[in-house]
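One structure is given below, encoded as structure tokens.
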Amino acid sequence: MSRIHEALKKAATERSAQFDSQLASELVELVGESLVEETLSTQTPTEAQKDLIDLGEPRSSDFEKLVGMCRRAQWKVDPRFNVFAGESRPPAGAEKFRTLCSRLHQIAATRPLKRVLVTSSVPEEGKTFIASNLAQSIIRQENKKVLLIDGDMRASRLHLTLGAPGSPGLTDYLRGQADENRVMQVGNLDNLCFIPGGTTVSNPSELLHGEKLKVLLDRLTPIFDWVILDSPPAIAVHDASILADMCDGVLFVVRAGKTDFEIAQKAAREFDEKDLLGVVLNRVDKSQTYADYY
């Protein structure tokens, strides 16, 4: 936790780089790792499980079967939101995401780690940008399959980074208004499936307290190599903490030069008991990084 503390302190003093677009060309740096031993539990089948379409016992070959059942959508990825798109030679940010992937693989080699929650303390720190590009970085590795989920049902924006439809999505599924095949999309990015936030609702926390999302995650996780969830900021609402209980680890995003140190530290403490993997220091001034050297 000492390295995470140092990262939060650095975020309080960094000067943000100036960008033409809020989300374009952002750099990331993973610092610190805090491994927490995971306790596995078993559950008795519930009514929520009976509502799911039977895909049989999950196997690696089930991915193709699942894709065939998913909704096919036209995605138009905007290069401003994607460090891998529209470039014959990816920018420095792409290499940062590869480094982030490598760090996660190192942790996964020591303990079960497939579901990763991406959150922050307050809005506009770049958590959605990080979640989207992390998923797109992983699928560029050979035969790696990712399920990307927008768990920020209060202000869903993940679909904008992919140029994908925003509904039907997670809220519609949890309310019983759409089944899993309607809310899960596949587009023009191989090995990536996406569940958007869905129709706006006034009671997202109540939807999360039910068993339906956990049952869905338990069922789909074995089919994918990684499941990445974007969540609301941790300070304002309790949603991130609820989602963290369903995940194997949490990545905490801090925006350099903007995030208040005390607020970030308070938010990070919320995940001390929830497998906090580390901090992603976002929008770092290039002059303060090795990118300037290369």
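The values are calculated or read from the model by the stated rules, or taken from the named source; none is laboratory data. In this text, all values refer to a predicted model and were calculated from it rather than measured experimentally. Cβ placement follows ideal geometry from the backbone for every residue including glycine, while neighbour counts extend to all protein chains displayed. Ligands, DNA and RNA are excluded from the accessible area calculation, which covers all protein heavy atoms including side chains. Shrake-Rupley method; radii C 1.70, N 1.55, O 1.52, S 1.80 Å.
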Sole miss for Pro112 among (1) open to solvent by 40 Å² or more (accessible area, probe 1.4 Å); (2) within 17 Å of Asp248 (Cβ to Cβ); (3) modelled with pLDDT of 85 or more; (4) touching a helix residue (DSSP H, G or I) at 6+ places or on another chain (Cβ under 7 Å) is condition (4)
The condition from (1) among the hydrophobic types (A, V, I, L, M, F, W, C); (2) within 19 Å of Cys193 (Cβ to Cβ); (3) in a loop (DSSP other than H, G, I, E, B); (4) at pLDDT 80 or above that Ala85 misses is numbered (4)
Item to check | Check on Ile228, on the phi < 0 side of the Ramachandran plot, in contact with a helix residue (DSSP H, G or I) (Cβ under 8 Å, 6 or more places away or on another chain) and assigned to a helix (DSSP H, G or I) | outcome: no
Picking from Asp285, Asp230, Asp245, Asp272, the residue that is touching a residue at least 12 places away in the same chain (Cβ under 8 Å), acidic (Asp, Glu) and closer than 29 Å to Trp75 by Cα would be Asp230
Could we say that Arg182 is assigned to a helix (DSSP H, G or I), in contact (Cβ under 8 Å) with a residue 60 or more places away in the chain, open to solvent by 30 Å² or more (accessible area, probe 1.4 Å) and touching a Pro at 6+ places or on another chain (Cβ under 8 Å) here?
yes
query: With respect to Thr161, is the statement that it is assigned to a helix (DSSP H, G or I), touching a residue at least 24 places away in the same chain (Cβ under 8 Å), under 28 Å from Asp179 (Cβ atoms) and out of contact with any strand residue (DSSP E or B) (no Cβ under 9 Å at 6 or more places or on another chain) true?
result: yes
- Task: With the condition kept exactly as written, say whether any residue in the stretch 244-254 is out of contact with any His (no Cβ under 8 Å at 6 or more places or on another chain) and assigned to a helix (DSSP H, G or I).
- Result: yes
Sole miss for Ala131 among (1) under 22 Å from Glu270 (Cβ atoms); (2) open to solvent by less than 50 Å² (accessible area, probe 1.4 Å); (3) out of contact with any Gly (no Cβ under 8 Å at 6 or more places or on another chain); (4) assigned to a loop (DSSP other than H, G, I, E, B) is condition (4)
Checked pairs for the stretch 144-156, first at positive phi, second open to solvent by 10 Å² or more (accessible area, probe 1.4 Å) and not acidic (Asp, Glu), C-beta under 7 Å and 6 or more apart or across chains, list as none
